[in-house]
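Remarks on the structure that follows.
The values are calculated or read from the model by the stated rules, or taken from the named source; none is laboratory data. The model shown is predicted, which means the values in this text are computed figures rather than measured ones. Neighbour counts run over all protein chains shown; Cβ positions are idealised from the backbone, glycine included. Please note that ligands, DNA and RNA were not included when accessible areas were found on the heavy atoms of the full protein model with its side chains. Shrake-Rupley method; radii C 1.70, N 1.55, O 1.52, S 1.80 Å.
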Amino acid sequence: MWWFEVLFLLTVVVMARGQTIVEEADGADQEDTAIISSVDAVLTRSATLPCNIEPQIRDDKANMVLWFKDGHSKPIYSFDVRGRAFKEALVWSDPIMFGTRAYFVTVSKPAALTLDHVSLNDVGIYRCRVDFKTSPTRNFAINLTVIVPPHQLLIYDKIGRSVSDVIGPLEEESDLVLTCEVRGGSPSPTVSWFVNERLVDGQVGAIDSNVIVNKLEIKKLTRGQLNSTFKCQASNTKLMMPTEQTLRLELLLRPLSVTIPVKPRQIVAHEPVTIHCEVAGSRPKAKIIWMMNATEFHRGKFKEEEDNADEAMLRSIVTFSPVPEDHGAIFRCLGQNPLLPHQMLKDSFELNVVYPPRVVLGLGSSLNPLGIKKGDDVYFECNIKANPPHHKITWYRNGILVSQNVSAGVVVSGKSLVLQRVTRGQAGNYTCLAANSRGDTMSPIVELKVRYAPVCTEPEVTMIGASLDEAVKVRCHVTADPSDVTFQWQMNNSGESFDVQAQRFNASATGDELTYRATSQKEYGILSCWATNSIGRQQDPCVFQVVPASKPSPLSNCTLKSVNNQTIEIVDVECRAGYDGGLPQRFVLEAFDAHSMRLRINHTVTETDYPTFHLDLGDLLPSPPSLRIIVYAVNAKGKSEKLVLDDITLNDAEKRTDGSNSMSLVPLAGLLTGSLLTFGIAVLVIVVIAVRRKRHCNGANHCPHHIALDASKPASKSRQGSMLEINTGDNRYVVAYTLKPAADCSPSYVDNAHDVNSLRRQPDILNTPRGGDKSSATPPELPRPTDLYSTSPPGEYLSGQGGVNNPDWSKTFPNLQSQSNCDINSTLGRPRTRPRDVSYGSFATVRRDQHILTDTIPGPESCV
């Protein structure tokens, strides 16, 4: 380690010697120092102090460079290259003044001392002394100035709010005031305003030594200044970029225009229509409001579109279906800046909505709908709204056209319908129909209620069958308005008339039920029911004829027919019902095989005036050649006499073809000729057979009558020939018969040949005399129908009371005698219509019809 101690001692000696030389040189050359340059440096940045070390003599070179500050005799930095290359120079820096911040750069021209992280303590005059090998020493003086940049730049608006990045938004035509405040900086900075990168003048002032301000004012901002840039710049040196802040001007722009490009002249109610509205020039995006009259419009679908070419253009599209109430309304489009609600533009047009009439019908304003009585004058008003105006008004009652009839008190005047002296029959549902070019509209129904006294719902006399000591319920139904009615019952028989006690009947809203019990034959008669409401008493009573209950009368007028003309799969048997015996009845059809008498069909039909039996002949497998059909009625008292349709023959005629679609002309002509010849021969044969058969049937042979149903023909009229119907005066007679030989119907007792001939000419009709004297003040005892009171079997009917042995019948038919070989049935028809000329106290029933049906008639004529 000895060599390290020797090296350390040599170094100390050299440094001591060098310091002595520097001190001596400092004192000798200080007078030759001169300031040759000034250097500015920015605080915290680097400073470069130049020092030219290039010798003036070619072979000379610098041996040492020493740096001094502010006249101090001791160097603060040394650069020693004596006896060594520049890259091996010995460098020394004052640890207090510079430390490691200073370094000498010799590669630059001139060489320079660089100081990093310049601080305010580095300000001063620096002297660089260069000692050359042979040339005289050279001194350079450098004045170092440290510049302090502004440390804060603030911008305020006219109300003192700090502004950054964006100014505003400000309203169009408002004033702009900006104040730029710069704090700090040495030397004092220069504060400037630039608008769109162009320098503009402002009002510069100093608040104190450290604060400089520049105030910029612009009057009435215009739309063109939108997005302009405003920059405040502060600078006190060129060594660094100025301190600055840039702002963008944002403006609130009101719309320039609001336009509805297409304004439809006419729109159709309930059909979609689309309307456009364009708003231009608003910033931010405009708010578009649709208005109808003074109300904001929200009905329909709304859509907004922006114009790509013009950001300030906004389009609103509304699609809606107008209604008739929209007609005449002002449809507006309002455009406004949402931040400037007090500034808006608008465009509008009037809606012309066409629509069918809108009709509302009402009674006259002076009428009380619940207080209209029969005989009052009533008028309706048809209120119509239509575009275009209506050109026709039509009135309807219950869907039927009402025409003007002044004589009947029906007057149509404009939009009014007048009913003078209204009747009950004019009550109903009234409507009015108005029409224009868009269509016609029916008004809602207005019900006209005409208050009236009670009226019987069944104006006809009702037959009620009751057995002795049987309690039957008699229901009296009336219609009345108002419906709060009271009832009175009265009984009339052949001997007396009396009121029925109130406890025997129960009243309801529009009906009354009487429980009646006949304890003797004299208590059968006529029950009358009167109802009374606030309008008055029922004018004509409801009439019920209480008769002894009996078996029903047989059916009559039975006909057979196929459902259609192409098939006999379905056959209908339709009959007319007889008297029901005063009790509910049902009807039965039984069909038997005519040969084996096996039951093939059994059908039952509920009560109706014309019972119809539907026979499905397809179910008859195997199908019998002929049927024997029996129909009768049944009630609680038993069965009626049976009506027999005998020998109903079923012919299954089928038409078959070979399927050929074409035929030569010659065979067709031959076929046609042969058909005509065959037809002529057939007609001739039928005529001959008919004549001979007629003669033959006048003899002793039996001639059954067949009814043929052919699938290829309509139902034969020969079947209908078994029914005979005669109307004479007020009487209607129906005879059902089957032809029989005269021998089977020969009279059992005949006085002479004249009586026989008279009997053969006598028709099968027994005419009963009309009962009751209408002029009698006291109602006579009602003639009682024999079939209602007789207990004899049906075959004994004519021999009993009211039969052919009755003197009254024999007077009418003097040649009529009892028959042993003829089946005779009698039914009492239902008297329905009550004579209107018979009032209470003189009421008498009239038997209108007497039906006599026979199953067999001898030969071409008949016998009874």
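Quick notes
- Residue list for segment 620-640, filter: open to solvent by 30 Å² or more (accessible area, probe 1.4 Å), assigned to a loop (DSSP other than H, G, I, E, B) and either out of contact with any Asp or Glu (no Cβ under 8 Å at 6 or more places or on another chain) or at pLDDT 75 or above (or both): L621, P622, P625, A636, K637
- Only a single item in (1) outside any strand (DSSP E or B); (2) touching a Leu at 6+ places or on another chain (Cβ under 9 Å); (3) buried (at least 18 other Cβ atoms within 10 Å of the Cβ) is not met by T431, and it is number (1).
- Contact annotation: residue pairs with Cβ atoms under 8 Å, 6 or more positions apart or on different chains, pairing a residue in segment 81-105 that is among the aliphatic types (A, V, I, L, M) with a partner that is open to solvent by 90 Å² or more (accessible area, probe 1.4 Å), are V81/E88; V81/L90; V91/Y103.
- Flag: I535 matches the condition of being at pLDDT 85 or above and open to solvent by 60 Å² or more (accessible area, probe 1.4 Å).
- When segment 363-393 is filtered for residues that are open to solvent by less than 50 Å² (accessible area, probe 1.4 Å) and under 30 Å from I267 (Cα atoms), the ones remaining, listed by number, are C382, I384, A386, N387, P388, I393.
- Every residue from segment 602-612 that is touching an Asp or Glu at 6+ places or on another chain (Cβ under 8 Å) and open to solvent by less than 50 Å² (accessible area, probe 1.4 Å): P611, T612
- Residue in segment 493-500 that is open to solvent by less than 30 Å² (accessible area, probe 1.4 Å) and either over 51 Å from the mean Cα position of the chain (by Cα) or modelled with pLDDT of 85 or more (or both) present: yes
Quick grid of which residues meet (1) in a loop (DSSP other than H, G, I, E, B); (2) at pLDDT 90 or above; (3) open to solvent by 10 Å² or more (accessible area, probe 1.4 Å); (4) under 14 Å from S556 (Cβ atoms):
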| site | (1), (2), (3), (4) |
| --- | --- |
| E574 | no, yes, yes, yes |
| G582 | yes, no, yes, no |
| R600 | no, no, yes, no |
| G618 | no, no, yes, no |
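- Yes/no for P136 being modelled with pLDDT under 95, part of a strand (DSSP E or B) and either open to solvent by 50 Å² or more (accessible area, probe 1.4 Å) or of a type in the set (F, W, Y) (or both): no
- Residue list for segment 434-451, restricted to those being assigned to a strand (DSSP E or B), open to solvent by 20 Å² or more (accessible area, probe 1.4 Å) and under 21 Å from P389 (Cβ atoms): G439, D440, T441, M442
- Residue within segment 410-428 that is of a type in the set (S, T, Y) and part of a strand (DSSP E or B) present: yes
- Of the strands (runs of 3 or more DSSP E) lying entirely inside segment 194-237, those containing at least 3 residues that are touching a strand residue (DSSP E or B) at 6+ places or on another chain (Cβ under 9 Å) and either among the hydroxyl-bearing types (S, T, Y) or surrounded by 14 or more Cβ atoms within 10 Å (Cβ to Cβ) (or both) are 211-218, 229-235.
- Residues in segment 301-322 that are assigned to a loop (DSSP other than H, G, I, E, B) and open to solvent by less than 40 Å² (accessible area, probe 1.4 Å): 2 in all.
- Conditions (1) modelled with pLDDT of 95 or more; (2) out of contact with any Cys (no Cβ under 8 Å at 6 or more places or on another chain); number of the one not met by V422: (1)
- From the options T134, T145, residue that is farther than 27 Å from V42 by Cβ and not small (G, A, S): T134
- Test: residue in segment 298-310 that is in contact (Cβ under 8 Å) with a residue 24 or more places away in the chain and within 31 Å of the chain's Cα centre (by Cα): no
- Restricting the first member to segment 462-483 and to residues that are at positive phi and touching a residue at least 24 places away in the same chain (Cβ under 8 Å), and the second to residues that are open to solvent by 40 Å² or more (accessible area, probe 1.4 Å) and assigned to a strand (DSSP E or B), the beta-carbon pairs closer than 8 Å and six or more apart or on different chains are D469/R517.
- Qualifying residue in segment 421-443 (condition: in contact with a Gly (Cβ under 9 Å, 6 or more places away or on another chain), without any contact (Cβ under 8 Å) to a residue 60 or more places away in the chain and more than 17 Å from T479 (Cβ to Cβ)): yes
- From V378, V359, residue being among the β-branched types (V, I, T), over 28 Å from the mean Cα position of the chain (by Cα) and over 30 Å from L252 (Cα atoms): V378
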